[in-house]
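Taking it in order: structure first as structure tokens, then the write-up.
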Amino acid sequence: MILNSKIYMVRYLFLFITYVFSLTCFSQNDDEMLLANTAIQIESTDAINDMYNFKFDKAEAYFLNLKSQYPEHPMPYFLMGLSNFWKMMPYLDTEDFRNTYEKEFLTYIDISIEKGEALFDKNDNNIEAAFFLCAAYGFKGRYFAENKSYVKAAFQGKSALHYLTYTKGKGDLSPEFLFGESIFNYYSEWIKEEYPLLKPLVNLFPKGKKSVGLAQLTECANSAFYTRIEAQCYLITIYNNEENNSRAAYPYAKYLSETYPDNPYFQRVHGRLAWELGNFAECEKVCYDINYKVNIGMPGYEENTGRYASYFLGRILYVKGDLEKSKFYFLKTSVFAESGNMAKMGYSLSAYYYLGLIETNLMNHSEAEKYLLKVIKLGEDKGDNAAVYNYSLASCQLGILYEKLEYNDRAKAYYKNALQRVKNLDEKNYSATVKEVTTNSNEGLTRLSKVKK
């Protein structure tokens with residue numbers, strides 16, 4: 001999903017501040033801490049692996065057992081909160097991020113904060129308590145940021161920042177410690193480059209360097225014990241979104257998808273990157289697997305994941321010339337989109353556009369018109385590149401369709417509409433589409449100008 005720049009700016013600023021102090025103190029030299037308990041590390045790792053693979057019952061059985069052993073410690077409550085956060089991960093791209101897991105997530109995170117504060121009140125040198133307070137406030141803030149509740153997120157960030165002063169510099173330089181430092185190094189420079197208006201605020205923090213941040217994050221992704229998976233997730237995000245380097249993100253997505261094959265979020269990202277890189281056979285395999293899991297109702301395989309997979313299958317089958325199967329998967333995409341309040345998203349609009357093309361090829365002109373007009377209606381009030389891209393193509397295609405049917409006034413109107421709208425498209429990244437729409441629309445208007453009234 002493409003968000004407007006203002007939302008991105010606020011979200012990245014908050015995540016930059018939050019992750020400076022989140023998850024940086026796992027390595028401590030205090031044998032009494034649960035984080036340093038080798039047996040708990042091993043058992044927790046097994047449970048955390050189950051969590052990442054969406055085997056929440058198994059993971060939470062261990063977390064609850066840990067809670068019964070250490071009822072006054074924040075760790076088991078934080079892990080239960082983390083588990084419920086991952087249950088919500090497949091919904092991050094949708095407008096329905098709030099769902100049945102929100103209450104449980106916030107309840108467990110709040111209890112973790114309560115337990116941490118109780119320990120910290122007794123001893124303000126309790127670094128483990130301070131760590132969990134940083135992590136809990138940080139995750140709660142991230143949740144509010146994902147919900148675009150930025151005022152609430154800022155308050156959580158302020159609370160986490162308070163406990164940072166007690167934890168900063170207390171961990172040794174292990175890969176775990178590098179996680180937070182790497183995010184800081186990367187985003188402190190990235191935000192200055194992308195959002196110059198935020199420079200005065202970011203300049204209050206120590207200077208960072210993107211190349212150093214990426215090197216540190218890579219080391220963490222390869223060598224860390226607790227934060228390895230989160231580091232790999234962040235490398236995918238940075239390479240794909242900020243560095244525009246899908247090829248660098250792809251190995252991490254493939255590894256996570258294959259290591260945790262029942263994680264819908266990892267599978268979705270794997271399929272999308274395989275599609276972007278032209279690995280269509282691999283994308284097809286992943287997407288058929290996702291569709292099967294959606295059909296049988298596996299945990300986390302909801303409308304949005306099904307929408308992604310069905311769309312990619314529709315595109316692949318369209319290229320293969322199997323229009324009936326392609327149509328089937330584009331229709332599935334539309335069903336998922338409409339049931340999940342995602343009809344205005346980029347892949348949804350594109351699915352309607354391709355349904356219009358398929359019906360045109362099948363000579364079903366009224367059906368083709370219906371789908372193309374749907375793109376126009378849904379994309380009319382949206383200004384992001386995905387909406388403008390699909391709107392421009394659909395408007396041009398309607399011009400072609402109406403010209404063929406000799407509805408010349410309608411054809412002229414849609415050709416002109418396409419020319420007007422395509423001007424708003426980012427020409428740097430969509431130059432081929434700009435050229436296609438501009439050329440086809442101008443040629444259509446030229447032909448129509450020669451038609452006798």
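Only one entry of Phe328, Phe336 meets the criterion of being crowded, with 24+ Cβ neighbours inside 10 Å, outside the structural domain of Val422 (by TED's automatic domain parsing) and within 27 Å of the chain's Cα centre (by Cα), and that entry is Phe336.
Starting from residues that are outside any helix (DSSP H, G or I) and among the hydroxyl-bearing types (Ser, Thr, Tyr), keep the ones in segment 226-279 and report whichever is nearest to Lys87 (Cα to Cα). Step by step, filter segment 226-279, then rank; the result is Tyr260.
Taking the criterion of being among the polar types (S, T, N, Q), within 18 Å of Tyr143 (Cα to Cα) and surrounded by fewer than 18 Cβ atoms within 10 Å (Cβ to Cβ), the only residue of segment 105-131 that qualifies is Thr107. For the residues Asn279, Asn304, the requirement of being polar (S, T, N, Q), out of contact with any strand residue (DSSP E or B) (no Cβ under 6 Å at 6 or more places or on another chain) and at pLDDT 95 or above singles out Asn279. Count of segment 227-259 residues, restricted to those that are buried (at least 20 other Cβ atoms within 10 Å of the Cβ) and over 17 Å from the mean Cα position of the chain (by Cα), is 1.
The set of residues in segment 307-357 that are aliphatic (A, V, I, L, M) and at pLDDT 95 or above comprises Ala309, Leu313, Ile316, Leu317, Val319, Leu323, Leu331, Val335, Leu349, Ala351, Leu355, Leu357.
The values are calculated or read from the model by the stated rules, or taken from the named source; none is laboratory data. None of these values were measured; they are calculated from a predicted model. Neighbour counts are summed over all protein chains in view; Cβ atoms, including those assigned to glycine, are modelled from backbone coordinates with ideal geometry.
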